[in-house]
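Please read the structure below before turning to the comments.
The values are calculated or read from the model by the stated rules, or taken from the named source; none is laboratory data. Given the structure is predicted, the values throughout are model-derived calculations rather than measurements. Positions of Cβ are generated from backbone atoms using ideal geometry, with glycine treated the same way; all protein chains shown enter the neighbour counts. Heavy atoms of the whole protein, side chains included, go into the accessibility calculation; ligands, DNA and RNA do not. Shrake-Rupley method; radii C 1.70, N 1.55, O 1.52, S 1.80 Å.
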Amino acid sequence: MKRIGLLGGSFNPAHAAHRHISLEAMRLLGLDEVWWLVSPQNPLKPQAGMASLEARLASAQAAARHPRILPTAIEVELGTRFAVDTVAALQRSHPGTRFIWLAGADILTELHRWHRWRAFASQIPIAVFARPGYLGAALTAPAMAWLRRWRRPASQAGRWTAFGAPAILVFNIRTSPLSATSLRKSDPAWYRRHINTLEKARP
C-alpha cells in the first residue's frame, strides 16, 4: 500500500517552506511521496496577481529538490476545481493508495470556506503543520470546532493509514518565515525567471 501526502495550493510561487512541510510530513507520517497539487486557479483567490500555471508549476519543480516530492498540475488532467472532487478522483484512480491531505496551519483558518468542506474532511485524513503566527488561530478556527472531536494525537502519526475519516493531526513543527506573499513583494517579476528557464529548455 502506497502512502501519499497531497499538498495543494497556488504555489505563487513555490518556496522552501512548502519543501520543509513536505519533508516533515514524510518523516512524521512515513510517506512514500508527497504530491504538490499546483492549482490552475484557487477558487478563493483572485486571478489578479496570479502567475500562469506554467510559471507556478516551474517554480514548484525548482523548489521541490527531492525525488519523492512531485509537483503536478493533475487537476487539469482530472478536470477538477475543488479539493473535494480532486480527492475523490484520485481515490478512484488509485485504489491501492492511501492519501492524506497536508496543510499549513493558515489553511485550517479558511477551511470552512471551501466548497463542501465537511464532505472533503470526511473523505481523507488531514495533517496540519504549524506556520508562523497561525497555529493558535487554526486551533480555534470554525472548521476546527467541527473537526476537534476527530483530532488524533501526534504520537499516533505513524498509524494514520488505520484511521477512518474525518481525522486530523496537528504538528507543532519548527516553522519557516517564508511565504508566497512576501516573496511576491520582494520580487514582483519572479515568474519571468521561471518562464525564461522553460523557454531555454525547449528544443
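Taking the Cα centroid of region 11-51 and of region 80-118, what is the distance between the two, rounded to the nearest whole Å? When both Cα centres are located, 13 Å separates them. Computed in the context of the full set of protein chains, the accessible area of region 1-110 at 1.4 Å probe radius has 53% of its extent on carbon or sulfur. In the context of the full set of protein chains, residues of region 5-145 present 40 Å² of accessible surface per residue (probe radius 1.4 Å, heavy atoms only). Taking the Cα centre of region 72-160 as origin and assigning +1 to Lys and Arg Cβ atoms and -1 to Asp and Glu Cβ atoms, the resulting dipole is close to 440 debye. Under a Gaussian network description of the chain, with springs only between Cα atoms under 10 Å, the residue in Ala105, Ala89, Ala55 that fluctuates furthest is Ala89. Once every DSSP H run of n ≥ 4 in the chain is given -39500 (n - 2.57) and the sum is divided by its residues, what mean residue ellipticity at 222 nm do you get, rounded to the nearest 500 deg cm²/dmol? It lands at -11000 deg cm²/dmol.
Considering only alpha-carbon pairs that sit under 8 angstrom and 6 or more positions apart, the relative contact order computed for region 1-124 is 33 percent. In plain terms, the chain from Leu44 to Trp146 could stretch by 34.6 nm, reckoned as 0.36 nm per residue minus the Cα-Cα distance. Divided by 2.2 N^0.38 Å, where N counts the residues, the Cα radius of gyration of region 1-134 comes to 0.98. Length available on full extension from Ser179 to Leu23: 0.36 nm per residue minus the Cα-Cα distance, which gives 54.5 nm. Taking trypsin sites (Lys or Arg not before Pro) as exposed when DSSP calls them loop and at most 16 other C-beta atoms lie within 10 angstrom, the chain has its longest site-free stretch at 1-64.
Seen from Leu31, the other residues with C-beta closer than 13 Å to its C-beta sum to a net charge of +2, counting Lys and Arg as +1 and Asp and Glu as -1.
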